[in-house]
């Protein structure tokens, strides 16, 4: 399957410093013909930060997808029953959401979207951005790597001197990871050279 044939659910979590990069990935997918639907966690959809205002991000995402954003539990629940997406991309995926997915907790729009989507045995691709990827979330990454239908965008340390436990996906590999996931394969190598993100 090519990108232009995909119905992609893009889930955004509160790694606010990576939002512009994530939106850039979505724009590239849209340009190649992907049909995008966007799910936002409570924090992602409602928190103003030094990286931008929540309303501005919501407006950009609505304009990009041309669809109402899914920002609550009620909106996320039908994803599986209605078979809304071919693949779910969590971009960015925080450590908090990573831990919840690994432990079967579905109490946010994003985590319920994952639960609902997985009932159809379809792929979920995780684009991590977490300061404790080599800390408290290391075990969650390892366990998710071994779970059916879960795939990762290759990732690396983004600031191994200043934040030695931090891991961030190489966003440039997202498209390739999606295509491989649709074939039931993990894009390799998973661990790549240090990734420059610009978060501080």
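For the reader, a short list of remarks on this structure follows.
- Test: residue in the stretch 119-136 that is assigned to a helix (DSSP H, G or I) and surrounded by fewer than 24 Cβ atoms within 10 Å (Cβ to Cβ): no
- Some residue of the stretch 171-183 being touching a helix residue (DSSP H, G or I) at 6+ places or on another chain (Cβ under 8 Å), modelled with pLDDT of 95 or more, in a loop (DSSP other than H, G, I, E, B) and over 17 Å from residue 15 (Cβ atoms): no
- Here the condition is being out of contact with any strand residue (DSSP E or B) (no Cβ under 6 Å at 6 or more places or on another chain) and within 17 Å of residue 170 (Cα to Cα); of 107, 72, 132, it holds for 132 alone.
- Residues of the stretch 63-98 classified as farther than 28 Å from residue 140 by Cβ and without any contact (Cβ under 8 Å) to a residue 24 or more places away in the chain, total: 4
- Pair list, Cβ under 6 Å, 6 or more apart: the stretch 131-157 residue more than 25 Å from residue 183 (Cβ to Cβ), other residue part of a strand (DSSP E or B): 133/167; 137/130
- Among the residues of the stretch 158-169, those identified as out of contact with any helix residue (DSSP H, G or I) (no Cβ under 9 Å at 6 or more places or on another chain) and either modelled with pLDDT of 95 or more or crowded, with 20+ Cβ neighbours inside 10 Å (or both) are 158, 166.
The values are calculated or read from the model by the stated rules, or taken from the named source; none is laboratory data. This structure is a prediction, so every number in the text was calculated from the model and none was measured. FYI the Cβ positions are ideal-geometry reconstructions off the backbone, even for glycines, and counts take in every protein chain you see.
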